[in-house]
Amino acid sequence: MKKPIDIHLTKEGLFSFEKEYQAILDRRPEVLARLVAAREQGDLSENAGYHAAKDELSAMDRRLGELKLIFRFAEVIEPNQDGIVGLGSCVTVENESVVSKFTIVGALEADPAKNKLSDVSPIGSSLIGKKIGQTVEIDVPQGKVRYRIISIK
């Protein structure tokens with residue numbers, strides 16, 4: 001049977017999602033206790049504490065469901081050790097004497113502010129399959145950019 005969704009993660013990404021899952025599970029009883037305490041105060045229509053706890057519990061349960069789906073369908077990808085950029089690779093590139101480092105990750109792990117680029121992003125997908133010394137030209141929203149691959153880890 002074909003999986004309904006393809007989720008690619010690095011080991012670090014899976015570990016991060018596992019930590020988030022456990023943190024939510026640890027916090028859930030406290031939110032549930034607040035909900036019960038607020039419900040016991042009587043009139044729920046004007047009980048802000050009840051509605052806040054109910055909304056928070058709902059958001060927590062929704063995220064737990066999302067994380068369970070991630071765990072169910074995720075495929076942990078090991079970085080290539082053969083000098084070719086792939087998922088999990090840390091790539092050092094040079095653009096007009098400016099050196100940058102990117103880690104290629106699955107879409108759910110992407111965080112451009114931390115230089116974690118999705119394998120389906122313009123830069124990430126252009127780097128995948130390339131070797132040290134190769135140059136890639138990428139169309140980005142600001143125009144075209146050229147990167148020369150300096151190292152792959």
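The values are calculated or read from the model by the stated rules, or taken from the named source; none is laboratory data. Computed from a prediction, not measured in an experiment: that's the story for all the values here. Positions of Cβ are backbone-derived with ideal geometry, glycine not excepted, and every protein chain shown enters the neighbour counts.
Within segment 126-141, being under 24 Å from the mean Cα position of the chain (by Cα) and over 17 Å from residue 103 (Cβ atoms) holds for 139, 140, 141. Scanning segment 1-32 for residues that are touching a strand residue (DSSP E or B) at 6+ places or on another chain (Cβ under 9 Å) and among the aliphatic types (A, V, I, L, M), we see that the one that is farthest from residue 86 (Cα to Cα) is 14.
Remark: residue 87 matches the filter, which requires a residue to be in contact with a His (Cβ under 6 Å, 6 or more places away or on another chain), aliphatic (A, V, I, L, M) and either surrounded by 13 or more Cβ atoms within 10 Å (Cβ to Cβ) or closer than 30 Å to residue 131 by Cβ (or both). Among the criteria (1) outside the structural domain of residue 23 (by TED's automatic domain parsing); (2) closer than 16 Å to residue 16 by Cβ; (3) part of a helix (DSSP H, G or I), the one residue 68 does not fulfil is (1).
Selection of first residues in segment 106-118 that are in contact (Cβ under 8 Å) with a residue 24 or more places away in the chain and of second residues that are assigned to a helix (DSSP H, G or I), restricted to Cβ pairs under 6 Å at least 6 apart or on distinct chains, gives the following pairs, ordered by first then second residue: 109/13.
I'd like to know if segment 109-131 contains one or more residues that are of a type outside the set (Phe, Trp, Tyr), in the same structural domain as residue 28 (by TED's automatic domain parsing), surrounded by 13 or more Cβ atoms within 10 Å (Cβ to Cβ) and in a helix (DSSP H, G or I).
First, the residues of segment 109-131 that are of a type outside the set (Phe, Trp, Tyr): 109-131.
In the following step, the residues that additionally are in the same structural domain as residue 28 (by TED's automatic domain parsing) were identified as none.
Checking segment 109-131: not a single residue is of a type outside the set (Phe, Trp, Tyr), in the same structural domain as residue 28 (by TED's automatic domain parsing), surrounded by 13 or more Cβ atoms within 10 Å (Cβ to Cβ) and in a helix (DSSP H, G or I).
Scanning segment 44-52 finds one or more residues that are assigned to a loop (DSSP other than H, G, I, E, B), surrounded by 14 or more Cβ atoms within 10 Å (Cβ to Cβ) and outside the structural domain of residue 121 (by TED's automatic domain parsing). Can you spot a residue in segment 60-74 that is surrounded by 12 or more Cβ atoms within 10 Å (Cβ to Cβ), β-branched (Val, Ile, Thr) and within 30 Å of residue 145 (Cβ to Cβ)? There is no residue in segment 60-74 that is surrounded by 12 or more Cβ atoms within 10 Å (Cβ to Cβ), β-branched (Val, Ile, Thr) and within 30 Å of residue 145 (Cβ to Cβ).
Candidates are the residues of segment 138-153 that are of a type outside the set (S, T, N, Q) and not in a strand (DSSP E or B); the one that is surrounded by the fewest Cβ atoms within 10 Å (Cβ to Cβ) is 141.
Among 30, 18, which is surrounded by fewer than 16 Cβ atoms within 10 Å (Cβ to Cβ), part of a helix (DSSP H, G or I) and out of contact with any Leu (no Cβ under 9 Å at 6 or more places or on another chain)? So the residue among 30, 18 that is surrounded by fewer than 16 Cβ atoms within 10 Å (Cβ to Cβ), part of a helix (DSSP H, G or I) and out of contact with any Leu (no Cβ under 9 Å at 6 or more places or on another chain) is 30. Within segment 66-78, residues that are closer than 11 Å to residue 5 by Cα sit with their Cβ atoms under 6 Å from residues that are at pLDDT below 95 and surrounded by 12 or more Cβ atoms within 10 Å (Cβ to Cβ), at 6+ positions apart or across chains, in these pairs: 70/7; 73/7; 74/7; 74/9; 75/8. Filtered by the rule that a residue be of a type outside the set (A, V, I, L, M) and either on the phi < 0 side of the Ramachandran plot or modelled with pLDDT of 90 or more (or both), segment 89-107 gives 89, 90, 92, 94, 95, 100, 101, 102, 103, 106.
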